[in-house]
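*Asks:* Have a look at this one.
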Amino acid sequence: MKFKKTTLLNGLRVITVPTKSPAVMVLVMVETGSNYETKEQNGLSHFLEHMCFKGTKKRPSAGIISKELDTLGATNNAFTGNEYTGYYAKASRKHFKKLTEIISDLYLNPTVPAKDLEIERGVILQEISMYEDLPQRKVWEVLYKLVYGDIPAGRPVIGPASNIKKFTRNEFVNYRNKHYVAGKTLFVVAGDVSEKDVVSEAKKYFSSLPRANKSPKLPTKDKQISPKLLIEKKKTDQTHMVMALRSFAANNKRLPVLNVIGGILGRGMSSRLFTRLRDQMGACYYVRAENDVYTDHGLFAISTGINASRAEEVTKVLVEECKRLTQELVSKEELDKVKEQRVGTLYMGLETADALAEFYADQEVLTHRLKNPTQIEKEIRKVTAKEVMKVAKEIFRDDKLNLAIVGDITNQAKIKKVLTFK
């Protein structure tokens, strides 16, 4: 899983990930997303992603684009996050050059047709409605609002319906000209393709992309004084909750330790929270612990779905198991088990060309430094029980503690009472 990184004269970065996969993944990613938007722009990055598939000068309609990709047997899509937007296509390696030509055309030459702009408003408004009906997803929006408030990191990537209804074509064009520049763009290819061919194709299509100045994102305010709780009351069969602690940004050296802590608490069927909440209490079907990282902030989050009547009880258990890590050293047996689980999950998650492309693209956007899986494995295996306790003490504190809930909760006071490490 070696990689090669080259920077073109205009600043565009090219990452080649050689693999013997019969498929090739072509990904263009740009360093912009909802965290780069003002309040009035919220949702613009995601909407623009949709519009790039609506036609180019060479391919004047969405139907022409989709038919051409289908003819190649390709899968394709795009995605928008807080700090990046990506466009990709995956097919047999023999179609590498054609995939590159199509994806580069979408990225470099979208016409953003006005007639499709009006149609796509309806599509995105329906997407917003869909997410409103998915409490397991909606709870994350509630969480970010709780933790970060009215700043970009606290707003949904998709934006509010009020913004979607009023965006103009000029806003898309201006935003794209500002952010879709060479210095913020990555061209990533994973598959049985040579670095020479990848760089050659990158130069062919992207050399004319303007260098321009990189527009920075708005800074994230990451301060808190005491535990915070936000409940969105909703009639649902299952209540979804996420307990989150402010943690570390993507470049922080303590992330391998936090990775292990996530494994101890909520990764695998023998993890502490799975054992206690599901096997012993029968309180949930799923429980997961994960660390989300961004360029200047991070969140360690534990998510689960429960019956509303057990919210207080489950909250208490989540707090207790986190607090336990600050008081007791993890045994060698458990630590070794978790490390093996984390390493195994790492490698199993990188079995496909698209997973490899996104693995390196994410690192480049968030840290501008690339590590191969072997390096990450070494970092995980070096983690000690004392480091686990030290990092646990740093993040499992009341001034970092947050709980978001979506469900039919009737008594907030009882939950608030047990939401403390004191």
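Where a number appears in this text, it was derived from the coordinates with a stated rule and is not lab data. Note that the coordinates shown come from a computational prediction; the quantities given were computed from them, not determined experimentally. Backbone-built Cβ (ideal geometry, glycine too); neighbour counts: all protein chains shown.
*Asks:* Under 8 Å for C-alpha pairs, at least 6 residues apart: give me the relative contact order for the stretch 4-206, rounded to a whole percent.
*Replies:* Details: 353 pairs, mean separation 82.5, N = 203.
Relative contact order for the stretch 4-206 comes out at 41 percent.
*Asks:* Continuing with this model, one more query. Any chance you could give the angle, 0 to 90 degrees and rounded to 10, that helix 96-108 forms with the longest Cα principal axis of the chain?
*Replies:* For 96-108 against the chain, the angle is about 80 degrees.
*Asks:* Under 17 Å Cα to Cα from Lys233, which aspartates and glutamates show up? Leave out anything in the same chain fewer than 8 places away.
*Replies:* Cross-link targets: Glu132, Asp133, Glu141, Glu312, Asp408.
*Asks:* Here is a further query. DSSP loop (so not H, G, I, E, B), at most 15 other Cβ within 10 Å: list which trypsin sites (Lys or Arg not before Pro) in the stretch 50-110 pass both filters. Don't skip to the answer; put the middle values down first.
*Replies:* On the way: sites: Lys54, Lys57, Lys58, Lys67, Lys90, Arg93, Lys94, Lys97, Lys98; in loops: Lys54, Lys57, Lys58.
Passing sites in the stretch 50-110 are Lys57, Lys58.
*Asks:* Also: Determine ³J(HN,Hα), in whole Hz, for all residues of the stretch 311-325 in sequence, where each value follows from phi through the Karplus function 6.51 cos²θ - 1.76 cosθ + 1.60 and θ = phi - 60°; x replaces Gly and Pro.
*Replies:* 4, 5, 4, 5, 4, 4, 5, 4, 5, 4, 5, 5, 4, 4, 5
*Asks:* Sticking with this structure for a sec: If I take all pairs of Cα atoms in the chain, what percentage of them are more than 30 Å from each other? Intermediate values should be presented prior to the final figure.
*Replies:* Values: 42243 of 88831 pairs.
It works out to 48 percent of all Cα pairs.
*Asks:* Hey, what did the stretch 228-418 get for relative contact order, percent, Cα under 8 Å, at least 6 apart? The partial results should precede the final answer.
*Replies:* On the way: 297 pairs, mean separation 76.1, N = 191.
Relative contact order here is 40 percent.
*Asks:* What angle, in degrees between 0 and 90 and rounded to the nearest 10, separates the Cα long axis of helix 332-348 from the longest principal axis of the Cα atoms of the chain?
*Replies:* In the chain, helix 332-348 runs at an angle near 20 degrees to the longest axis.
*Asks:* May I ask you to derive the FRET efficiency for Leu230 and Asn170 from their Cβ-Cβ distance with R0 = 60 Å, giving the value to the nearest 0.05?
*Replies:* On the way: r = 36 Å, r/R0 = 0.60.
So, using R0 = 60 Å, E works out to roughly 0.95.
*Asks:* What is the chain's relative contact order, in percent, from Cα pairs under 8 angstrom and six or more apart in sequence?
*Replies:* Numbers: 809 pairs, mean separation 94.6, N = 422.
So the answer I get is 22 percent.
*Asks:* While we're looking at this one, here's another question. Roughly speaking, what is the stretch gain from Asp398 to Ser215, that is 0.36 nm per residue apart minus the C-alpha to C-alpha distance, in nm to one decimal?
*Replies:* Gain on extension, Asp398 to Ser215, equals 62.4 nm.
*Asks:* Determine which lysines satisfy two conditions relative to Lys214: a Cα distance under 22 Å, and not lying fewer than 8 residues away in the same chain.
*Replies:* The reachable lysines, counting only those whose Cα sits under 22 Å from Lys214, are Lys5, Lys39, Lys178, Lys184, Lys203.
*Asks:* For the stretch 208-219, just list the computed ³J(HN,Hα) in residue order, Karplus coefficients 6.51, -1.76 and 1.60, θ = phi - 60°, integers in Hz, with x standing in for Gly and Pro.
*Replies:* Values, residue by residue: 7, 5, x, 5, 6, 7, 6, 7, x, 8, 6, x Hz.
*Asks:* Here's a follow-up. Among 381-393, 174-186, how do they line up by average Cβ neighbours within 10 Å per residue, starting with the highest? Could the numbers behind the result be given before it?
*Replies:* On the way: 381-393: 16.8, 174-186: 19.4.
Top of the packing list down: 174-186, 381-393.
*Asks:* Please work out the Cα center distance from the stretch 283-338 to the stretch 54-119, rounded to the nearest Å.
*Replies:* Result: 40 Å between the Cα centres.
*Asks:* How would you classify the stretch 12-113 from its alpha-carbon gyration tensor, with a ≥ b ≥ c the square roots of the eigenvalues: rounded for a/c under 1.5, else prolate if a/b is greater than b/c, otherwise oblate? Don't skip to the answer; put the middle values down first.
*Replies:* Values: a/c = 2.41, a/b = 1.37, b/c = 1.75.
Taking the square roots of the gyration eigenvalues as a ≥ b ≥ c, the stretch 12-113 is oblate.
*Asks:* Read phi for every residue in the stretch 15-20 and hand back ³J(HN,Hα) as whole Hz from Karplus 6.51 cos²θ - 1.76 cosθ + 1.60, θ = phi - 60°, with x for Gly and Pro.
*Replies:* 10, 10, 10, x, 8, 7
*Asks:* Further, regarding this structure: Nearest 10 degrees is fine. How inclined is helix 169-179 to the longest principal axis of the chain, computing both from alpha carbons?
*Replies:* 80 degrees
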